[in-house]
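Data block below; observations after.
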Amino acid sequence: MENKTHRKYVLSPSILAADFTRLGEEIKAVEDAGATYLHVDVMDGIFVPSISFGMPVIASIRNCTKLIFDVHLMITEPERYVEDFINCGADIITLHLETLKEPEKVIALLRSKHVKVGLSVNPKTNIEEVFPYLHLVDMVLIMTVQPGFGGQKYLDYCTEKIVTLYEQIKKSNLMVDIEVDGGINEETLPIVLEAGANVIVAGSSVFRGDVHSNAKRFRQKIEEFIPVSNN
Ligand code: DX5
Ligand code: ZN
């Protein structure tokens, strides 16, 4: 049965906030500091107002790190591109429920390609909307800011969604990770961990300033929270 003692707690630094002139070095810094995933935000300027980067960047950084690529697709009709993202190095692909006409179909496609599958919801989307798909996915990403930009403030009302989702996962005896994304800093980290999140995205709080020591501090704070029996 899913409970906090058997969960893996993971830091997933978001390169959206990185210095792109030194991207390889900064990725190495978070890897050395104990990150497990690398959060890769893909934005299309339609589903979200901004445009970030795509396949060529991901394929290029794939050569410089062994970190697990946690690719967050903030794009319309993501079905069209999932195979391209797998081919350029994605290990986990997270799709927004709001963008999917037939969630089961694209989830099955991802499963057949042996990548992990995440389903994401915007702050305003009810968390109950992911419940029908929980048995089909590896992870649910709860957006804790409006998707589109880094550096925003954590939306307090999202904490309740984490709690509700965690309760539902336990009730259903499933092993589904809960990822949180947006406004996570040293103040909000304990709140999301306590609520039930176990995959922590952090953009500006890791990549602004000394990247290595920020990531290390974050990793330590997560470790302090992990129940003793999990070490
Ligand atoms: C926002 C992105 C986030 C972003 C988080 O749409 O999905 O991953 O990089 O940035 P911070 O941690 O600065 O809020
Ligand atoms: Zn993201």
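The values are calculated or read from the model by the stated rules, or taken from the named source; none is laboratory data. Here the structure is a predicted model, which is why all the values come from computation and not from measurement. With ideal geometry, Cβ positions are generated from the backbone for all residues, glycine too; neighbour counts draw on all protein chains shown. Remember, those area values only see protein heavy atoms, side chains included, never the ligands or the DNA or RNA. Shrake-Rupley method; radii C 1.70, N 1.55, O 1.52, S 1.80 Å.
Annotations for the structure displayed:
- Amide H contacts under 5 Å for residue 75, placed H, 5+ residues apart: 96
- Here the peptides 175-182, 186-193 are ranked by packing, the mean other Cβ count within 10 Å, and the order with the highest first is 175-182, 186-193.
- Length added when fully stretched, residue 136-residue 84, from 0.36 nm per residue minus Cα-Cα: 16.6 nm
- Residue-averaged 222 nm ellipticity for the chain, from DSSP H runs of 4+ at -39500 (n - 2.57), nearest 500: -9000 deg cm²/dmol
- For segment 139-151, backbone phi angles converted through the Karplus equation (6.51, -1.76, 1.60; θ = phi - 60°) give residue-by-residue couplings of 8, 10, 9, 9, 6, 10, 9, 5, x, x, 9, x, x Hz, Gly and Pro being listed as x.
- Working ranking of peptides 34-42, 119-127 by packing, defined as the average number of other Cβ atoms within 10 Å per residue, highest first, is 34-42, 119-127.
- Fully extending the segment from residue 104 to residue 62, taken as 0.36 nm per residue of separation minus the present Cα-Cα distance, adds 12.3 nm.
- Of the peptides 50-56, 138-144, the order by per-residue mean of other Cβ atoms within 10 Å, starting with the highest, comes out as 138-144, 50-56.
- Cα gyration tensor, segment 10-230 - rounded (a/c under 1.5), prolate or oblate: rounded
- Judged by the ratio a/c of the largest to the smallest principal axis of the C-alpha gyration tensor, segment 1-108 counts as oblate, that ratio being 1.5 or greater while a/b is no larger than b/c.
- Net lengthening on full extension, residue 174/residue 46 (0.36 nm per residue, minus Cα-Cα): 42.7 nm
- Aspartates and glutamates with Cα under 14 Å of residue 171, excluding same-chain neighbours fewer than 8 positions away: 2, 128
- Cα gyration tensor, segment 152-220 - rounded (a/c under 1.5), prolate or oblate: prolate
- Solvent-accessible heavy-atom area per residue, rounded to whole Å², over segment 10-230 at 1.4 Å: 43
- Accessible surface of the chain [probe 1.4 Å, protein heavy atoms]: carbon and sulfur percent: 52
- If only the Cβ of Lys and Arg carry +1 and only the Cβ of Asp and Glu carry -1, the dipole of segment 98-154 around its Cα centre is close to 200 debye.
- Straight-distance candidates among the lysines for linking to residue 28, with alpha-carbon spacing under 19 Å and chain neighbours fewer than 8 residues away dropped: 66, 216.
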